[in-house]
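Before any comments, here is the structure.
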Amino acid sequence: MNAPAVELNDALSNSVVSRLLSDFGRRIYFPKGNVAQAAEAKARGVRFDATVGMAYEGPEPMHLAITDRLLPELSAKESVAYAPTTGVRELRELWKQQIVSKNPSLGGIPFSLPIVVPGLTPGIVVSAELFVDPGETVLVPDLFWGNYRLIVEQRCRAAIREFSFFDERGVFNRDAFAAAVDQSAAEGKVALILNFPNNPAGYSPTPEDALFVETTLARAAESVPVLVILDDAYFGLFYDDNSYRESLFARLANRSENILAVKVDGATKEDFAWGYRVGFVSYAAKGMRPEETAALEKKYAGAIRSAVSSSSTVAQNLLVHTYKDPDYAKQKARALDALKSRFRTLQAILADKESRGRAPSLQPLPCNAGYFMSFRCAGNNAEAIRQALLNEGVGTIAVKSNCLRIAFAGIDEEHLKDVYERVFTAAERLA
């Protein structure tokens, strides 16, 4: 094993991180190569910087005049220069401030400075690779984003263990969740991915369910290390008063010295900036010392460096300018209000469906947040309904054989009634 990896492992030796690291996680490190040496030169204020593979004209990176025309508010350094492996420092600090603002329960609880990744997917990938070994098991609800399967099963060569997300009453299945956690704990380690608001169901837990998740994981952590990857892609998109309005990260960041909470979030959905591909990874465990936080950051930096080098400079700096703009909060609130209005229209459509007895084979799953809602298809014919809707000019997603996902956030409010009428009609024809 390389000496820098050994040093990082030694720094982490008394933490839950050490107990969770995969073989890759133990081996990875951030080398004192080009990037580290360039950063050192910048910090030392050298007169001439001959470190980075970039062309300069005077103090500014060489660039095309077209760039200035297309991005007039960004300097050349903000638009075409390389970003640090872990991201633009100012953006990281701004995002951490936002996390604390959106999650008041974090209060003075220490957690890492967010690390920038090129979208939430790489954040989940890198976290899984650092902490999941081949042959291990990762818990997910039975309604999950399909990319988890590629990440866990193909990249990490681990196994997915599903638990029933909703019980027969259509509420969060506490018994199934607790049983799955207990089963993993009996195997010596708990690793799970939780996605709230959920894709595909569009469900965010109640405060009571959030507390149950916290206490269940804390009980498991009394005997085994626990890794919780929180996929917070749709965080903040809450539409009713019964949703837990904070990330579970706020409940788990200081809950146990044997729980490592990893928050993966980003501007993608929260700030309607899908193509920017800017995500963040933050992490915490009770009692994690600054040197342990720094050592894990270097592990993440090595994993990012070896896979994608760094994230887009221009996208990161566009976000810096966005977050500092005095109109940011107002514009974001306006967009969220539009989604809330679509949700209210959706609820009225579903209530009318029930009152008229339309499409009884379609059972709406609990939905109170995010971009999506889903129907449970009684005849296991989600794919047949999807194909029938394509013939009607409506695109939907079949999740497994018995779940049809509809992205209501992607439909203008005045068209929602027409879309759902076509869904109900297709289901009735195929029943």
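Please treat every number below as a calculation from the coordinates, not as lab data. Here the structure is a predicted model, which means the values were calculated and not measured. Note that we place each Cβ from the backbone using ideal geometry, even for glycine, and neighbour counts take in every protein chain shown.
In terms of the Cα gyration tensor, with a ≥ b ≥ c the square roots of its eigenvalues, is region 329-430 rounded because a/c is under 1.5, prolate because a/b exceeds b/c, or oblate? Since a/c reaches 1.5 and a/b is larger than b/c, the shape of region 329-430 is classed as prolate. Given axes a ≥ b ≥ c from the Cα gyration tensor, I'd like to know whether region 206-297 is rounded (a/c under 1.5), prolate (a/b larger than b/c) or oblate. Oblate is the answer for region 206-297, as a/c is 1.5 or above yet b/c matches or exceeds a/b. Within the same chain, aspartates and glutamates fewer than 8 places from Lys102 are excluded, and of the rest, those with a Cα less than 13 Å from its Cα are Asp232, Glu246, Asp265, Glu270.
Given Lys286/Lys324; Lys269/Lys330; Lys269/Lys353; Lys96/Lys324; Lys298/Lys324; Lys189/Lys263, which pairs have Cα atoms separated by over 24 Å? Mind dumping the intermediate values first?
Numbers: Lys286/Lys324 32 Å; Lys269/Lys330 17 Å; Lys269/Lys353 29 Å; Lys96/Lys324 14 Å; Lys298/Lys324 28 Å; Lys189/Lys263 19 Å.
Result: Lys286/Lys324; Lys269/Lys353; Lys298/Lys324 exceed 24 Å.
When a/c is below 1.5 the answer is rounded, else prolate if a/b is larger than b/c, else oblate, so apply that to the chain with a ≥ b ≥ c taken from the square roots of the Cα gyration tensor eigenvalues. All intermediate terms of the calculation are to be shown ahead of the outcome.
Working: a/c = 2.07, a/b = 1.36, b/c = 1.52.
The shape class here is oblate.
Between Asn380 and Ala186, the FRET efficiency estimated from the beta carbon spacing at R0 = 25 angstrom works out to 0.20. In the chain the longest region clear of chymotrypsin sites (Phe, Trp or Tyr not before Pro) that are loop-assigned by DSSP and have at most 14 other C-beta atoms within 10 Å covers 49-271.
Computing FRET efficiency as 1/(1 + (r/R0)^6) for Asp68 and Ile109, where r is the C-beta to C-beta distance and R0 is 41 Å, gives about 0.45.
Tell me, in nm to one decimal, what length is gained between Asp240 and Arg356 on full extension, where the rule is 0.36 nm per residue of separation less the Cα-Cα distance? Write out the running numbers ahead of the final one.
Details: separation 116, 0.36 × 116 = 41.76 nm, distance 2.44 nm.
Gain on extension, Asp240 to Arg356, equals 39.3 nm.
Modelled this way, with points 7 Å down the Cα-to-C-beta line, the labels at Arg27 and Ala3 are 2.1 nm from one another. With a cut-off of 14 Å on the backbone N, the residues of region 176-196 near the modelled label site 7 Å out from Phe212 along Cα-Cβ are 176-181.
Each residue in Val308, Val262, Val213 was given a count of other beta-carbon atoms within 10 angstrom of its own, and listing them fewest first yields Val308, Val213, Val262. Sorted fewest first by neighbouring Cβ atoms within 10 angstrom, Lys299, Lys102, Lys263, Lys330 come out as Lys330, Lys102, Lys299, Lys263.
Considering only Gly275, Val52, Val320, whose Cα is most displaced toward the positive end of the charge dipole of the chain, charges sitting on Cβ of Lys, Arg (+1) and Asp, Glu (-1)? Of the candidates, Val52 comes out farthest on the positive side.
Determine, from the Cβ-Cβ distance of Ile397 and Leu430 and an R0 of 25 Å, the FRET efficiency 1/(1 + (r/R0)^6), rounded to the nearest 0.05. Show your work: numbers first, answer last.
On the way: r = 17 Å, r/R0 = 0.67.
Calculated value: 0.90.
Compute the length gained on full extension between Ser164 and Glu414: take 0.36 nm times their separation in residues and subtract their Cα-Cα distance, giving the result in nm to one decimal.
Difference between extended and current length: 86.5 nm.
The mean sequence separation of alpha-carbon pairs under 8 Å and at least six residues apart, normalised by the residue count of region 96-178, gives a relative contact order of 22 percent.
Once you have the Cα-Cα distance between Trp274 and Asp325, take 0.36 nm times their residue separation minus that, and quote the gain in nm to one decimal.
On the way: separation 51, 0.36 × 51 = 18.36 nm, distance 1.92 nm.
Here the segment from Trp274 to Asp325 would lengthen by 16.4 nm.
Across the chain, the relative contact order, built from alpha-carbon pairs under 8 Å that are at least six residues apart, equals 18 percent.
Label positions at Asp337 and Val308, each projected 7 Å from the Cα along the C-beta direction, are separated by 3.4 nm.
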